[in-house]
């Protein structure tokens, strides 16, 4: 089991001292090589849950483990993040950006560059190794961010709206490419998204969260094998699952009923 959350709860305290529950009663297991997407209404705690998975936030109750080890602090060798904001260093070239995590982890420059080059080849950007972020498109910059995360060889990859800043056509094309790459590398992935299409296209399993405080309202399995081509969007399976997600997210009562 790659990741497990047991009885997870997160409660925030406001400046006025009021307790605000963000997540409650989260019990979830994610298997090795499984791709899970998390979707739900705005403010339901999707990103909060991802931060707990990666050790950026401590739960108020319960625990998270990765490969049986408690997650108590960030560790990019265990769980690496890819955010919507590419967070590339503008003064470093693409290769050095891909290797920067290994540099901070104390690896030698030669080792970091060798691994960074390997990951750039994997995401199809090896010929741009000497370019700078400003010279790349948004989609290419996000691929560098993915290469940087995967260079750490993490047990699990955590992606928070990774393609949210891109136009729809670029998101679809890049999503298809990255789906292939992540499937071939047999990586466990958890991705938060607002997009119904992305939630269905990427996932082996979709976790639907209820409105705040977020709880698991429903889990939906996507049976089509990965990697998937864009033609999957035109299938009956895709349409039926997307319609169910739309119903769950558009009708609050449906979310409540599904959680019973």
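We did not get these values from a lab; they are worked out from the coordinates using the rules stated. Just so it is clear, the structure is predicted and the values come from calculations on it, not from any experiment. Cβ sites come from the backbone with ideal geometry, for glycine too, and all protein chains shown count toward neighbours.
Before anything else, pin down the relative contact order of the chain: Cα pairs under 8 Å, at least 6 apart, normalised by residue count, whole percent. Display every interim value, and only then the final one.
Working: 515 pairs, mean separation 64.1, N = 260.
Reported relative contact order: 25 percent.
Against the chain, whose longest principal axis is taken from its Cα atoms, helix 138-151 shows a tilt of about 90°. Centroid-to-centroid, using Cα positions, the range 55-72 and the range 175-251 are 24 Å apart. Please report how far the C-alpha centroid of the range 14-36 lies from that of the range 107-139, rounded to the nearest whole angstrom. What the calculation gives is 34 Å, centre to centre. Compute the helix-to-body angle for 94-104: its Cα long axis versus the longest principal axis of the chain, expressed 0 to 90° and rounded to tens. Its long axis makes an angle of about 70 degrees.
Ranked by the mean number of other Cβ atoms within 10 Å per residue, highest first, peptides 70-76, 80-86 order as 80-86, 70-76. Diffusion of the range 83-153 by Stokes-Einstein, at 20 °C in a medium of 1.002 mPa s and with Rh set to the Kirkwood radius over alpha-carbon pairs, works out to 187 µm²/s. Against the chain, whose longest principal axis is taken from its Cα atoms, helix 168-184 shows a tilt of about 80°.
Work out, step by step, the length gained on full extension between residue 242 and residue 177: first 0.36 nm times the residue separation, then minus their alpha carbon distance; give nm to one decimal.
Working: separation 65, 0.36 × 65 = 23.40 nm, distance 2.10 nm.
Taking 0.36 nm per residue and subtracting the Cα distance, the gain is 21.3 nm.
Taking neighbour Cβ counts within 10 Å as the exposure measure, how do 108, 188 sort from fewest upward? Please report the intermediate quantities before stating the final value.
Values: 108 10, 188 23.
Ascending Cβ contact count within 10 Å gives the list 108, 188.
Considering only the Cα atoms of the chain, their convex hull presents on average a projected area of 14.6 nm². Length gained on full extension, residue 205 to residue 170: 10.2 nm, using 0.36 nm per residue less the C-alpha separation.
Packing-based ranking of 175-184, 43-52 yields 43-52, 175-184, ordered from highest to lowest mean Cβ neighbour count within 10 Å. The ranking of 32, 96 by Cβ neighbour count inside 10 Å, starting from the fewest, reads 32, 96. Multiplying the residue separation of residue 92 and residue 42 by 0.36 nm and removing their Cα-Cα distance gives an extension gain of 14.5 nm. Taking every alpha-carbon pair under 8 Å whose residues sit at least 6 apart, the range 83-153 reaches a relative contact order of 46 percent.
From the helices alone, meaning DSSP H stretches of at least four residues, give me the mean residue ellipticity at 222 nm for the chain, per-run term -39500 (n - 2.57), in deg cm²/dmol to the nearest 500. Please list the in-between numbers first.
Numbers: 8 runs with 94 residues, N = 260.
Result for the chain, helices only: -11000 deg cm²/dmol.
Place a point 7 Å from Cα of residue 121 in the direction of its Cβ. Which residues in the range 137-167 have their backbone N less than 14 Å from it? No residue passes the distance filter. Report the FRET efficiency, 1/(1 + (r/R0)^6), for residue 11 and residue 223, where r is their Cβ-Cβ distance and R0 is 30 Å, rounded to 0.05. So, using R0 = 30 Å, E works out to roughly 0.25. Note on residue 132/residue 184: beta-carbon distance plugged into 1/(1 + (r/R0)^6) with R0 of 30 Å gives a FRET efficiency of 0.60.
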